[in-house]
Amino acid sequence: MVFPSRPVKLLRESLKMPGYKLYYFDVRGRGELCRLILHCAGVPFEDFRDIDYFKDWPTIKTRMPFGQVPVLEVDGVKMLAQSMTIARYLARRHGLAGQNDWEQSQADMYCDCVYDLHNATVDATWEEDPVKQKDLFNKVNQDTIQPHLEKVEQHLVKNGSGHLVGQGLTWADIAYYAYFTTPIMTRLGGEVLTKAPHLKKLIETVGNNPNIQKYVETRPVTSG
Amino acid sequence: MPGYKLYYFNVRGRGELSRLILHYAGVPFDDFRFEGKDWPAFKSKMPFGQVPVLEVDGEKMLAQSHTIARYLARQHGLAGQNDWEQSQADMYVDCIYDLHGAMRTPTWETDPVKQKELFDKVNQDTIQPHLEKVEQHLVKNGGGHLVGQGLTWADIAYYAYFTTPIMTRLGGEVFSKAPQLKKLIETVGNNPNIKKYVETRPVTSG
């Protein structure tokens, strides 16, 4: 009997993997969590980001389910919109969503919290005046981020595994990593995790994942 | 049956979708509503200092309105029949979340003239373009529901949004170009469990 060679096995496996095409602009924004999940899980996908807002977007927009991106196209036949829905779908398909219904919901809960943090930081992120930007950032940090981190740190310690949910990495951990390593956070958020050492350590752990590290070293440098 | 206690203010707001899901599914629960003055005492007990929160069997808590609603929908057969349908339902409910966000400012505007202007702008800029897409998808799906062949929490979410007090008061023409969605919303509203709850729920401003 002749056994298939390793390259043939890999080819067969890749043919079974769904074909993913992620449409989003060439920024991190609301597409980055999906990209990080796919890279972390080692799942190949087409990172379709070469969308010129004026030349390409008007045409692409009409093909998107709700005229917005990000959108995940699967096997060239079906499309899924809404950034958190896409991220949750990918996390669940690729083992990053928790081990049971309750863990899946806890991961959803943490990701919704990060979504709220992103929304709170949107004005600061796109403010061009650096002085005004710092003021806006500090206000969001004081009013929203710090109170939230106080709770998260308590839950993280109580959970005991070093991860937010259950015993292993989930997309919730990746979501906190993504938020706390945005360009604005990297530039202005040096002290943000001072009172949340366990979360800081978790974020470093996620960042040290070889797949994430490799992607982050090579991804385009963008302002948001 | 698990023991559910839903903590939220005495408004519809971000708690109503979970209430509607539970009533639709015929699942008993403690609809724990508090007044603003009682909030400080409860805030510190909530996982992130916010509500709604779902407490299950008196021992574990889940926060974030859509996470709670999704959990309840999945536990009680209202989330779709497979991974893809579940994700489509998630997608529609995320759209509703965006519509709620867009409607926040008009909802809490106290000057009626200004409120109508703000409402009309949100309707023109955000709701109508969205409904145009939803109506196309609804027709293409066939069967009268947003996802698959039966009712999901996505249908309930659209019902909840399009029957808020502000929508009921100012949104008379909102469905003029979305007859199928209008019909779906009426279908949800005519469900006996939903009807009974809606007839008896507290009347609140939002």
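Below is a table of values for the structure above.
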{"read-out": "Excluding exposed DSSP-loop trypsin sites (Lys or Arg not before Pro) (at most 16 other C-beta within 10 Å), longest clean stretch of chain A", "value": "A:56-194"}
{"read-out": "Over chain A - Rg/Rh using Cα atoms and the Kirkwood inverse-distance radius", "value": "1.00"}
{"read-out": "Cβ-defined net charge surrounding residue A:147, 14 Å radius [Lys, Arg +1; Asp, Glu -1]", "value": "0"}
{"read-out": "Binned Cα-Cα distance frequencies in region B:130-206 - 10 Å width, integer %", "value": "17, 52, 27, 4"}
{"read-out": "Members of B:140/B:182; B:140/B:177; A:158/B:43; A:55/A:134; A:61/B:114; B:5/B:182 lying beyond 23 Å, as alpha-carbon distances in this model show", "value": "A:55/A:134; A:61/B:114; B:5/B:182"}
{"read-out": "Cβ-based exposure ranking for B:147, B:56, in which fewest neighbours within 10 Å come first", "value": "B:56, B:147"}
{"read-out": "Only Lys, Arg (+1) and Asp, Glu (-1) charged, at Cβ; the protein assembly as shown dipole about Cα centre in debye", "value": "600 debye"}
{"read-out": "Two-decimal ratio, the protein assembly as shown, of alpha-carbon radius of gyration to 2.2 N^0.38 Å", "value": "1.00"}
{"read-out": "Percent RCO, i.e. relative contact order, over chain A, from Cα pairs under 8 Å lying at least 6 residues apart", "value": "22 percent"}
{"read-out": "Ellipsoid equivalent to region B:1-94 - semi-axes via the Cα gyration tensor, in Å", "value": "24, 14, 12"}
{"read-out": "Among A:188, A:212, A:141 the positive-end extreme of the charge dipole of region A:132-224 (Cβ point charges)", "value": "A:188"}
{"read-out": "Cα-based Rg and Dmax for region B:83-190, where Dmax is the largest Cα-Cα distance (Å)", "value": "13.9, 45"}
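Computed from the coordinates by the stated procedures, all read-outs in this text should not be read as laboratory data. Note that the structure is a prediction, hence the values are computed from the model and not measured. Heads up, the Cβs are rebuilt from the backbone with ideal geometry, glycines too, and the neighbour counts pull from every protein chain shown.
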